[in-house]
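The values are calculated or read from the model by the stated rules, or taken from the named source; none is laboratory data. Since the structure is predicted, the reported quantities are computational estimates derived from the model, not experimental observations. All Cβ positions, even for glycine, are placed from backbone atoms using ideal geometry, and neighbour counts span all protein chains on display.
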Amino acid sequence: MINQQIRPSQFITTYGPGSILETPSGPVVLHSVDRVFLDHGLNVQDFEIRDARLTRDPAINGAGIVRLPTNAELGREQEFALYPTEALPYWSLCVTHGVLYFARGSCPQCPSSRGVREAREKAGREAIRFIRICETGHLDDVDWDFVIHNGAVCAGQPGFYLWLGGGGSLRNVELRCPQCRAQTNFGLVYSRSWRCSERYPERGPRPPQSACNSPARIVQRGAANVRISTVMSALTIPPLSSRLHNVLQDSRIVAACGVLQQMGMLDEGRFRQAVASIPNFPAAVSTFLQEQPWAQIRDALADVMSQATGQPRALKDEEFDSLRFAAANGVPPVPSSQVGVPPLFEVRAAEVRRFEGPGRSCTFRVAPVNRLRMVTVQLGYRRLDPSNSPVIPSSFQWAGRAWYPGVELFGEGLFVDLEDQELSLEGERSEAWTASYIRQNSSDLSLHPVHVWWHTLSHRLLRSLSVDSGYSSAAVRERVYIRLDPDGSVRGGLLLYTAQPGGDGTLGGMIALAPMFDRLLQLGLSDLSRCSNDPLCEEAAPNGVNGSACYSCLLSSETSCELRNIHLDRGLLLENQP
């Protein structure tokens with residue numbers, strides 16, 4: 001069997017438990033993450049991603065975050081199947097003879113001289129491209145026996161069916177039982193609702209019959225709505241951005257120090273004894289902690305414990321405040337080259353630039369973020385309806401605690417805001433977005449016209465970066481911020497960053513663009529009034545999802561856009577050019 005290799009970041013953003021992965025040997029469904037650790041005798045806590053802000057967020061509610069082990073760090077060859085999967089769907093279609101057969105068998109009209117292994121490989125390559133899913137997250141093979149016989153019992157039970165016809169329409173395909181001659185049109189079958197199998201394939205065998213009242217639909221296994229990942233990201237910001245803070249966020253250290261703190265016995269001796277008594281604790285981390293003065297450990301522990309027990313704030317509000325503070329004052333105050341161990345977040349105040357917009361109505365402040373760490377967690381997934389269907393969690397239980405799969409990315413970026421200026425918007429587009437925002441009872445800030453303005457500007461900058469700097473639009477990611485102050489003023493900004501997993505950062509190509517930001521801005525705004533899909537694109541009115549936005553002028557790679565290309569409007573930016 002030939003396996004398919006994927007990156008940990010792909011697993012979190014695109015795939016994950018319950019997703020169908022296309023491999024050279026045929027489609028497979030990924031199992032729950034805990035199977036990796038159980039099958040290979042690994043301890044989940046050794047792969048913990050430490051981020052106190054994400055952990056205390058209500059969406060995660062104290063659960064742990066774990067990264068996926070790779071073949072390289074476990075000393076296994078690249079061809080080794082580290083992650084457990086299951087072949088799905090189970091039925092295959094022999095296009096040579098027009099036979100739909102159960103994959104554990106073989107096409108009855110193909111030569112029988114093939115061995116078992118060769119027959120299974122052929123069945124995997126010919127796997128039928130249709131599956132059955134429902135909005136509550138169940139996924140399974142199509143019940144072809146039930147579909148063709150319409151619930152009736154066929155005494156022959158042939159184990160294969162005839163696939164007659166073809167062409168560009170499903171209505172040209174007829175399915176027929178070779179025994180009882182029952183027949184149905186696949187076009188009609190595809191448009192109907194069917195009973196749900198009540199199965200989550202990532203959790204193993206089909207469970208005992210339970211009650212799932214959601215109708216199931218037959219869809220193509222490669223459709224975009226088969227599995228829509230629900231992810232959550234957070235930037236590592238002060239005071240948790242030092243290496244010492246990151247080490248002290250280990251759940252085992254936090255638990256031990258929490259007990260000592262409640263007893264009033266947290267001092268240097270007991271702390272170091274508690275760390276030394278942790279089973280299988282990494283020797284390199286223990287050595288690092290032994291080299292740190294107790295005064296620094298004590299202060300860092302206070303920051304970590306306050307994050308774990310304090311009142312949580314919105315993640316992006318905290319990040320926005322930290323980025324604005326860093327742009328004004330620099331973080332850390334002492335350059336990292338003098339500290340010894342580089343931080344996970346660094347902005348040098350001397351490198352911050354200011355530029356006037358082409359219309360000279362706004363002054364942009366551009367702060368190069370020399371180092372950053374972004375942690376992304378997969379909370380779960382949805383099926384069919386990306387907005388209203390329930391989220392099926394990707395978490396699993398280990399040692400009495402829930403864990404979510406995640407990935408940490410290291411890199412650099414550019415933070416852009418208007419410093420102390422307030423963005424004032426006007427025009428028909430602004431009024432239309434304000435009406436959409438009010439209709440949502442002000443619960444979705446991404447509908448606020450100021451957020452739409454910054455989000456649209458971000459996508460224009462992504463495009464100009466891909467043209468002028470050599471970065472592809474898929475290589476740069478965005479993070480858009482908005483905050484409503486108690487006095488009614490609205491602040492916004494954006495972070496454009498590039499990052500990679502498992503490294504110490506990138507090579508400085510992004511922060512080197514700060515001195516030429518005015519050129520990037522002018523290029524991004526130069527052709528706002530034109531689109532190859534005009535007048536259709538230009539005349540698209542805001543509808544609560546998008547305004548004037550299409551793939552020719554505004555939409556970008558969905559790996560770059562944090563909102564999956566919604567809440568964009570070229571017309572709003574055109575009416576309010578900076």
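Listed conditions (1) of a type in the set (Phe, Trp, Tyr); (2) in the same structural domain as ALA326 (by TED's automatic domain parsing); (3) more than 13 Å from PRO542 (Cα to Cα) are all met by TRP398, apart from (2). Residues of the stretch 539-578 that are of a type in the set (D, E, K, R), surrounded by fewer than 20 Cβ atoms within 10 Å (Cβ to Cβ) and in contact with a helix residue (DSSP H, G or I) (Cβ under 7 Å, 6 or more places away or on another chain): GLU575 alone. Quick check: is even one residue across the stretch 404-422 without any contact (Cβ under 8 Å) to a residue 40 or more places away in the chain and in contact with a strand residue (DSSP E or B) (Cβ under 8 Å, 6 or more places away or on another chain)? Within the stretch 404-422, not a single residue is without any contact (Cβ under 8 Å) to a residue 40 or more places away in the chain and in contact with a strand residue (DSSP E or B) (Cβ under 8 Å, 6 or more places away or on another chain). Here ARG401 fulfils each of the conditions (1) crowded, with 21+ Cβ neighbours inside 10 Å; (2) under 30 Å from ARG50 (Cβ atoms); (3) among the basic types (Lys, Arg) apart from (1). Count of the stretch 5-27 residues, restricted to those that are at pLDDT below 90 and in contact with an Asp or Glu (Cβ under 7 Å, 6 or more places away or on another chain), is 1. The set of residues in the stretch 468-489 being modelled with pLDDT of 80 or more and either within 26 Å of the chain's Cα centre (by Cα) or more than 15 Å from HIS451 (Cα to Cα) (or both) consists of ALA475, VAL476, ARG477, GLU478, ARG479, VAL480, TYR481, ILE482, ARG483.
Among the residues of the stretch 427-450, those identified as surrounded by fewer than 22 Cβ atoms within 10 Å (Cβ to Cβ) and touching a strand residue (DSSP E or B) at 6+ places or on another chain (Cβ under 9 Å) are SER442, LEU445, SER446. Being buried (at least 23 other Cβ atoms within 10 Å of the Cβ), touching a strand residue (DSSP E or B) at 6+ places or on another chain (Cβ under 6 Å) and either touching a residue at least 24 places away in the same chain (Cβ under 8 Å) or outside the structural domain of ILE566 (by TED's automatic domain parsing) (or both) is a property that LEU465 lacks. The set of residues from the stretch 1-47 being of a type in the set (Asp, Glu) and either in contact with a Ser or Thr (Cβ under 6 Å, 6 or more places away or on another chain) or within 26 Å of ILE131 (Cα to Cα) (or both) comprises GLU22, ASP34. State yes or no: is SER446 within 27 Å of the chain's Cα centre (by Cα), more than 15 Å from LEU418 (Cβ to Cβ), assigned to a helix (DSSP H, G or I) and not aromatic (Phe, Trp, Tyr)? In short, yes.
GLN183: surrounded by fewer than 18 Cβ atoms within 10 Å (Cβ to Cβ) and in contact with a helix residue (DSSP H, G or I) (Cβ under 9 Å, 6 or more places away or on another chain), yes or no? Against the criterion (surrounded by fewer than 18 Cβ atoms within 10 Å (Cβ to Cβ) and in contact with a helix residue (DSSP H, G or I) (Cβ under 9 Å, 6 or more places away or on another chain)), GLN183 qualifies.
Is at least one residue of the stretch 385-398 surrounded by fewer than 20 Cβ atoms within 10 Å (Cβ to Cβ), more than 30 Å from the chain's Cα centre (by Cα) and at pLDDT below 90? No, the stretch 385-398 has no match at all. When GLU346, GLU356, GLU318 are screened for being at pLDDT 85 or above and under 30 Å from GLU575 (Cα atoms), only GLU356 passes. Quick one: would you say SER214 is outside the structural domain of SER277 (by TED's automatic domain parsing), crowded, with 16+ Cβ neighbours inside 10 Å and out of contact with any Phe, Trp or Tyr (no Cβ under 6 Å at 6 or more places or on another chain)? Yes: the conditions hold for SER214. Between LEU139, LEU170, the distinction of being of a type in the set (A, V, I, L, M), under 25 Å from GLU86 (Cα atoms), in contact (Cβ under 8 Å) with a residue 12 or more places away in the chain and touching a helix residue (DSSP H, G or I) at 6+ places or on another chain (Cβ under 8 Å) belongs to LEU139 only.
Of the helices (runs of 4 or more DSSP H) lying entirely inside the stretch 187-299, not one contains at least 2 residues that are within 30 Å of GLU135 (Cβ to Cβ).
Residues in the stretch 512-519 include none that are within 30 Å of ARG439 (Cα to Cα), of a type in the set (Lys, Arg), outside any loop (DSSP other than H, G, I, E, B) and assigned by TED's automatic domain parsing to the domain that holds SER473.
Residues that are within 30 Å of SER322 (Cα to Cα) and either in contact with a strand residue (DSSP E or B) (Cβ under 7 Å, 6 or more places away or on another chain) or small (Gly, Ala, Ser) (or both): does the stretch 67-78 have at least one? Yes.
Take the stretch 63-86 and flag every residue that is at pLDDT 85 or above and more than 24 Å from the chain's Cα centre (by Cα). Result: LEU74, GLY75, ARG76, GLU77, PHE80. Scanning the stretch 379-430 for residues that are closer than 21 Å to ALA234 by Cα and in a loop (DSSP other than H, G, I, E, B) returns VAL391, SER394, SER395. Please determine, by comparing only the residues of the stretch 346-378 that are polar (S, T, N, Q) and outside any loop (DSSP other than H, G, I, E, B), which one is surrounded by the fewest Cβ atoms within 10 Å (Cβ to Cβ). Checking each candidate, the answer is THR363. Pairing residues of the stretch 19-44 that are touching a residue at least 24 places away in the same chain (Cβ under 8 Å) and closer than 16 Å to TRP403 by Cβ with residues that are among the small types (Gly, Ala, Ser) and surrounded by fewer than 17 Cβ atoms within 10 Å (Cβ to Cβ), at Cβ distances under 8 Å and at least 6 apart in sequence or on separate chains, gives HIS31/GLY204; VAL44/ALA399. Just one of the listed residues (GLN109, GLN78, GLN45) is surrounded by 19 or more Cβ atoms within 10 Å (Cβ to Cβ), farther than 26 Å from SER560 by Cα and out of contact with any Leu (no Cβ under 9 Å at 6 or more places or on another chain), namely GLN45.
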